[in-house]
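Notes to accompany the following structure.
Any read-out appearing in this document is the output of simple, stated calculations on the displayed coordinates, not a laboratory observation. Note that the coordinates shown come from a computational prediction; the quantities given were computed from them, not determined experimentally. All Cβ positions, glycine included, derive from the backbone under ideal geometry; neighbour counts span all protein chains shown.
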Amino acid sequence: MSAPELVLGGRTPHDWCDTAEHKVNITIATELVLETKPGARQPFKMLATVLTLHWTWRNGEWRLSWAFYGRRWRKTTGDWSPHVKGFMAEWDIDLPGWVRPIIEANAPTTAPTVPQSHKAGA
């Protein structure tokens, strides 16, 4: 049986799925406390434990989204919640300057590809 012919794309022409994605999860090994931007609608403080960089291939280019994940500070008990998870992205905080080199080092540099299928007798 020969391999099927493959092309990049969503499941159907009307699919909102991205053609390809590239994701990097980076564990934060030291204490990193983040706070929402001044004037945030729902301000909170978070102990960040993971930085996620997620690129999706859309309209001929890689697009980056990033987020920090961790544990939220509980004002009522004055501690980091083991159960209430926090999530901060560009609408919550500005990208810290130390993240830019990490993005540049991990960014995909070529378009996603699917090898051409092998034709019978070729």
All-but-one check, Pro108 against (1) more than 30 Å from Glu5 (Cα to Cα); (2) touching a residue at least 60 places away in the same chain (Cβ under 8 Å); (3) touching a His at 6+ places or on another chain (Cβ under 9 Å), failing number (1)
Which numbered condition Glu31 misses (of (1) within 14 Å of the chain's Cα centre (by Cα); (2) farther than 16 Å from Ala20 by Cα): (1)
Considering only region 87-110, state which residues are under 15 Å from the mean Cα position of the chain (by Cα), assigned to a loop (DSSP other than H, G, I, E, B) and farther than 30 Å from Arg74 by Cβ. Ala107, Pro108
Just to be sure, is Arg63 out of contact with any Leu (no Cβ under 8 Å at 6 or more places or on another chain), within 30 Å of Leu8 (Cα to Cα) and of a type outside the set (Val, Ile, Thr)? yes
Of the criteria (1) in contact (Cβ under 8 Å) with a residue 24 or more places away in the chain; (2) surrounded by 15 or more Cβ atoms within 10 Å (Cβ to Cβ); (3) among the polar types (S, T, N, Q), which one Asn25 fails: (2)
Out of all the residues in region 32-86, which are of a type in the set (Val, Ile, Thr), assigned to a strand (DSSP E or B) and surrounded by fewer than 12 Cβ atoms within 10 Å (Cβ to Cβ)? Val33
